[in-house]
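What follows is a single structure, written as structure tokens, with notes after it.
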Amino acid sequence: MICNLYQEPLYLIFATGVPDLLYYSHLPAATLALVTGAFVYFNGRKKLLNQLLFVIAIFFSLWTLVSLIAWTNIHSDFLLFVWTFYGVLSSFISMFCVYLIYVFLEGRDITGFQKLLFILLLTPVMLLASTDVSLRGFDITQCDAFAYEGLAFKLYHTGLGVVAMVWILGLLVRKYRTATSDFRKQIVLMGVGVEFFLLSFFTMTFLGTYLTSVGILPDSSPELYGLFGMIIFMVFLGVMIVRFKTFNVGLVASQALVIALVILIGSQFTYVRSTTSVVLSSITLVLTIVAGYILVRSVKREIEQREVVESLAKTLDETNGRQETLIHFIGHEVKGFLTKDTGAFSSLIGGDFGPLPEPLKPFVTRALLESRGGADSVAQILKASNLKKGTVTYAKEPFDLKDLVAKAVEKGQLSAEQKGLNLTFSAGEGSYTMLGDAPQLSDHVLRNLIDNAVNYTPTGTIAVMLKNENGKLIFAVKDSGVGITAEDKKRLFTEGGHGKDSQKINAHSTGYGLYIAKNITEAHGGTIRAESEGEGKGSTFIAEFPAADAPKSKEKPAA
Amino acid sequence: MVTFQKNMLAFIFVPLGVFLVLSSFYRFVVSRDYMVSYEASCDPQQHSCFVGCEDDACSEEYFYAKAEKHAVNLYAQCGPDITDCDEANRCLDENDSRCSILYCVEADGDTCAAAMPSEEVLGADQKVFGPAVGQLPSSSASVPSEDQI
């Protein structure tokens, strides 16, 4: 039978007299879904997630094809044959959306039991779709079959859509609670996209067709708006593909998205009628093509650069690891030689091999000092390397910081006096007991800061101060030395970070001293900082530690 | 390796899909086993007809009865196009199972043609078009064909 509401369609789907929005709602949505699905699939055929997205895209595109045929065809036999697949395809879309979300969240296939559940839910739809339960006849006057659709069948496949939405929401919420912050963003994007798609698709389709079947609406055109949900979903997927590399697609996705955008705008020609609208749409299309080309090029370049940077970072990490091992090996070897030299020079000066000829004494003494300095430098580099690797362990014992500082000052007095500097120490009243590793704190923090002050103060004074301020032990070394520029201050506590001219003043500086001091201070739950008004205006280094009797919450005990 | 457990959905749904396509094609395209409803022509002098409009402004009216036939029978009587097919406007005595013609009933809130049929005409055409308005037990006047009875 044929109905005479429309002309015979061209190529099954193109007819005149249909709503303007018909092609604009169907063609871009289906094309966008298919393009995205195909790109995703052909860039990772073996990935289940990619396969599922492609399958959903195919189901959705078939549904839009069925819908277009139903809207435009006039042969009742063929129309009803096609109409059969409405409910089947929408049921598969809803269940496969659940499947997709499960695989996306869990990263693995669903269980056999879950597959069985899908089969149980979908089999009735497939078995009953071609029977009277689903479809009984055709209305030639309206050229549709809404009045002959079985309500129970319609409610069942629409109900599957509702079940899918609730099911997906449950899966998303459960996973969101335990996900990392990066994955949470993906969950939100995927969740909002798929839920919005299902909500708009099922709600608008059901309302449009049901209200038409009971005669409230003249036709089911509201369902046309439901298809835009797919476009939103695909845009969300696009963001995930580009930003989070979901589906492992890479570069092609951005190109696919721009192509889809051009299709979307190009589709406006299917419903614009006036000359002005055609001209405006043409201008928009041309501008979009140009802007899209530029966008694709820049996104492509950016993604390529990101991939290069990521690759370099990986290589750098590996190189750093090997370098670290090499430094350790060389360091240990050199330290061994220097220690042996130091021992030999000490023995010579000590007269273990008989009296040392007088002309040799200054040379041997100098050699002893230099080999000791060399051994200290190597030890410092090794220490920094160990700190970075996290292989340094600390004792956690109570000790008196005041005594420790006094001893460190005493040890620094000799070198200060040799340079003609006035080194003083003052401590406030109160308890200075703290928990930690006294030898490491003394050697690498207290003495390091005092020695630095001596090294970088040509003339003047160095004042070492200690006070207990509300359970916080504050150790400060103030000098009248070369000071610190704002630029140098940024590099002070970094690994190997030298001041701009620091090696001119202290040729033996390794750049690791303050880095080690910072690490050890922080391992004791403290902080360290430097203050200076600028070059030539002296500097103050301040380290703060929690006292042993300080409140527990503020304490960060040594590891 | 393709296993049933891994590809359970494909193993079940692909055959079901093929079955669905074939059964649907056979039912709707080959057998034409479905009902068809349409507007049959109606003479307001003889029956209570529904009133339809030719355009949105309803500048021109036409009269019709609501007809329903089994597609395979209608196709045999009229071919693919029922326009100008007399057999489509009545239920035939033979080979017209599941045929019904529905006339307008004002009491149901339908808009019916103003003129009422005469007694004489009603009696003559009763078998084909169904009983006169007022003799029907239900809301709308519906008459099945004889072989259906």
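If we scan segment B:79-90, do we find a residue that is surrounded by 16 or more Cβ atoms within 10 Å (Cβ to Cβ), away from chain A (no Cβ under 14 Å), at pLDDT below 95 and on the phi < 0 side of the Ramachandran plot? Checked segment B:79-90: at least one residue is surrounded by 16 or more Cβ atoms within 10 Å (Cβ to Cβ), away from chain A (no Cβ under 14 Å), at pLDDT below 95 and on the phi < 0 side of the Ramachandran plot. Of the numbered criteria (1) under 30 Å from A:Gly170 (Cα atoms); (2) surrounded by fewer than 19 Cβ atoms within 10 Å (Cβ to Cβ); (3) touching a helix residue (DSSP H, G or I) at 6+ places or on another chain (Cβ under 9 Å); (4) within 13 Å of chain B (Cβ to nearest Cβ), the one A:Gly107 fails is (4). For segment A:134-143, what are the residues that are over 51 Å from the mean Cα position of the chain (by Cα) and either more than 8 Å from chain B (Cβ to nearest Cβ) or part of a helix (DSSP H, G or I) (or both)? If the condition is that a residue be over 51 Å from the mean Cα position of the chain (by Cα) and either more than 8 Å from chain B (Cβ to nearest Cβ) or part of a helix (DSSP H, G or I) (or both), then A:Gln142, A:Cys143 are the ones that fit. Scanning segment A:1-46 for residues that are more than 14 Å from A:Met234 (Cβ to Cβ) and of a type in the set (Val, Ile, Thr) turns up A:Ile2, A:Ile13, A:Thr16, A:Val18. Only one entry in A:Ala517, A:Ala548 is on the phi < 0 side of the Ramachandran plot, outside any helix (DSSP H, G or I) and modelled with pLDDT of 70 or more, namely A:Ala548. Among the residues that make up segment A:523-533, is at least one of them modelled with pLDDT of 85 or more, among the charged types (D, E, K, R) and assigned to a loop (DSSP other than H, G, I, E, B)? Yes, because at least one residue in segment A:523-533 is modelled with pLDDT of 85 or more, among the charged types (D, E, K, R) and assigned to a loop (DSSP other than H, G, I, E, B).
Note on segment A:1-33: among residues that are touching a Phe, Trp or Tyr at 6+ places or on another chain (Cβ under 9 Å) and β-branched (Val, Ile, Thr), the one that is nearest to A:Phe54 (Cα to Cα) is A:Ile13. Is there a residue in segment A:144-165 that is at positive phi, within 12 Å of chain B (Cβ to nearest Cβ), of a type outside the set (S, T, N, Q) and outside any helix (DSSP H, G or I)? No.
For A:Val55, the conditions (1) away from every other protein chain (no Cβ under 13 Å); (2) surrounded by fewer than 20 Cβ atoms within 10 Å (Cβ to Cβ) are fulfilled apart from (1).
I'd like to know if segment A:305-316 contains one or more residues that are more than 30 Å from A:Ser181 (Cβ to Cβ) and modelled with pLDDT of 80 or more. So far as segment A:305-316 goes, no, none of its residues is more than 30 Å from A:Ser181 (Cβ to Cβ) and modelled with pLDDT of 80 or more. Taking the criterion of being more than 10 Å from chain B (Cβ to nearest Cβ) and part of a loop (DSSP other than H, G, I, E, B), would at least one residue in segment A:116-133 satisfy it? Looking through segment A:116-133, at least one residue is more than 10 Å from chain B (Cβ to nearest Cβ) and part of a loop (DSSP other than H, G, I, E, B).
The residues on offer are A:Ser61, A:Ser94, A:Ser90, and the sole one that is assigned to a helix (DSSP H, G or I), within 21 Å of A:Phe206 (Cβ to Cβ), in contact with a His (Cβ under 7 Å, 6 or more places away or on another chain) and away from every other protein chain (no Cβ under 12 Å) is A:Ser90. Checked against (1) assigned to a loop (DSSP other than H, G, I, E, B); (2) out of contact with any Leu (no Cβ under 7 Å at 6 or more places or on another chain), A:Asp109 passes all but a single condition, namely (2).
This table checks each residue for (1) in contact with a Gly (Cβ under 6 Å, 6 or more places away or on another chain); (2) surrounded by 17 or more Cβ atoms within 10 Å (Cβ to Cβ); (3) not β-branched (Val, Ile, Thr).
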site: A:Thr16; (1), (2), (3): no, no, no
site: A:Tyr23; (1), (2), (3): no, yes, yes
site: A:Lys46; (1), (2), (3): no, no, yes
site: A:Phe59; (1), (2), (3): no, yes, yes
site: A:Trp71; (1), (2), (3): no, yes, yes
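The values are calculated or read from the model by the stated rules, or taken from the named source; none is laboratory data. Since the model is a prediction, treat every value here as computed from it, not as a measurement. Cβ sites come from the backbone with ideal geometry, for glycine too, and all protein chains shown count toward neighbours.
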